[in-house]
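The values are calculated or read from the model by the stated rules, or taken from the named source; none is laboratory data. Computed from a predicted structure; not experimentally measured. Cβ sites come from the backbone with ideal geometry, for glycine too, and all protein chains shown count toward neighbours. Ligands, DNA and RNA are stripped out before the accessible areas are found, and what is left, the full protein with its side chains, is counted by its heavy atoms. Shrake-Rupley method; radii C 1.70, N 1.55, O 1.52, S 1.80 Å.
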Amino acid sequence: MGITYTWKVTGIKTRTEGPNEKSVVQTYWSKIGTDENGITGVFNGATPFTSIDVPKEDFIPFENLSEEDILTWIKAVVVADFEEHVNMVIMNQIDEKINPPVDAKLPWE
């Protein structure tokens, strides 16, 4: 079963860090997986950041940030085992929608 993934930033927090005003220090995001039948699963995450070690020439002022900038930062953190976990949570949600568990009477009753 093929899954198509999309990402969305759902919230951010900022603060002044050193010379960097309105520095993004917390992100909230969703990764949405959709199978070929349109059934979806969602993983909601939160990832902190700091701009303290970002070189001045690489710092992007808040008003110039795009969702893609922030998603690039997030995707750089959601890798390897963590990304496998995220994808597994999404796949399990899709599987439960396709084949939901059914309450059963206890066989000894």
Taking all protein chains in place and a 1.4 Å probe, what share, in percent, of the accessible surface of the chain do carbon and sulfur account for? 54
GNM on the chain, Cα springs under 10 Å; top mean-square fluctuation among 33, 45, 11 goes to 11
Please give, to one decimal in nm, the separation of the simple spin-label points placed at residue 108 and residue 4, each 7 Å out from Cα toward the Cβ. 5.0
Using a Förster distance of 41 Å, the FRET efficiency for residue 21-residue 88 (Cβ separation, nearest 0.05): 0.60
How long is the gain from residue 66 to residue 98 if the chain were fully straight, where each residue apart is worth 0.36 nm and the alpha carbon distance is subtracted? 8.0 nm
With the 1.4 Å probe rolled over protein heavy atoms, the chain has an accessible area per residue in Å² of 68
Sparse-neighbourhood loop hits (GluC sites (Glu not before Pro), segment 6-52; DSSP loop; Cβ within 10 Å at most 15 others) -> 36
Largest to smallest accessible area among 69, 35 [probe 1.4 Å]: 69, 35
Can you give me the angle between helix 67-77 and the longest principal axis of the chain, using Cα atoms only, in degrees from 0 to 90, rounded to the nearest 10? 70
Determine, at each q value in 0.15, 0.23, 0.24, 0.31 (inverse angstroms), the log₁₀ of I(q)/I(0) that the Debye formula gives when each Cα of segment 6-63 is one equal point scatterer. -0.55, -0.87, -0.92, -1.20
Could you go through segment 100-108 in sequence order and give the Karplus-derived ³J(HN,Hα) for each residue, using 6.51 cos²θ - 1.76 cosθ + 1.60 with θ = phi - 60°, rounded to whole Hz, and x for Gly and Pro? x, x, 10, 4, 10, 6, 4, x, 9
Inter-probe distance in nm under a simple model that places probes 7 Å from Cα toward Cβ, at residue 58 and residue 40: 3.4
